[in-house]
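Take a look at the structure below.
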Amino acid sequence: AMNRVQLLGRVGQDPIMRQVEGKNPVTIFSLATNEMWRTGESEHPTLLFLRNLGDISQKTTWHRISVFRPGLRDVTYQYVRKGARIYVEGKIDYGEYTDKNNVRRQATTIIA
């Protein structure tokens with residue numbers, strides 16, 4: 001079995017470091033990836049050379065990144081900043097948590 005993900009995107013916020021009692025600290029940040037594709041066809045009569053290009057559509061996907069490994073966790077916290085373009089490799093983790101309103105929620109996290 002294999003659980004592996006590779007992402008190249010822009011950091012959405014400066015990383016934060018959290019520590020829960022009795023557990024090791026974790027550095028957390030968000031990463032935006034963009035997907036672009038062409039839709040339809042351009043029908044402008046004077047731009048025949050652009051006819052097959054169509055309109056460009058874009059979708060942004062936000063990923064929650066968690067870094068647990070001590071050396072990597074500290075370097076990420078110290079040097080990664082909002083807007084930086086970075087490459088992240090890790091695994092996908094699906095989990096559940098209960099929010100402050102006592103509502104059960106699902107969360108998808110990339111463990112870098």
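The values are calculated or read from the model by the stated rules, or taken from the named source; none is laboratory data. Just so it is clear, the model here is predicted, and its values are computed rather than measured. Don't worry about glycine lacking a Cβ; one is built from the backbone with ideal geometry, like all the others, and counts go over all protein chains shown.
Can you name the residue in the range 71-112 that is outside any strand (DSSP E or B) and touching a residue at least 60 places away in the same chain (Cβ under 8 Å) and is also farthest from the chain's Cα centre (by Cα) among such residues? Steps first, answer last, please.
First, pick out the residues of the range 71-112 that are outside any strand (DSSP E or B): 71-84, 99-103, 112.
Still in the running and touching a residue at least 60 places away in the same chain (Cβ under 8 Å): 76-77, 80-84.
Details: T76: 15, Y77: 16, V80: 14, R81: 14, K82: 12, G83: 12, A84: 12 Å.
Per the criteria, the residue is Y77.
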> Of the residues K82, K100, K59, which single one is of a type in the set (D, E, K, R), at pLDDT 90 or above, surrounded by 12 or more Cβ atoms within 10 Å (Cβ to Cβ) and farther than 11 Å from A112 by Cβ?
Replying inline: K82
>> What are the pairs with Cβ atoms under 8 angstrom where one residue, in the range 21-50, is among the acidic types (D, E) and the other, located anywhere, is surrounded by fewer than 11 Cβ atoms within 10 Å (Cβ to Cβ) and at pLDDT below 80? Sequence gap at least six, or different chains.
In response: E41/N52
> Are any residues in the range 10-56 among the charged types (D, E, K, R), loosely packed, with under 11 Cβ neighbours inside 10 Å and at pLDDT below 60, and if so, which ones?
Replying inline: E43
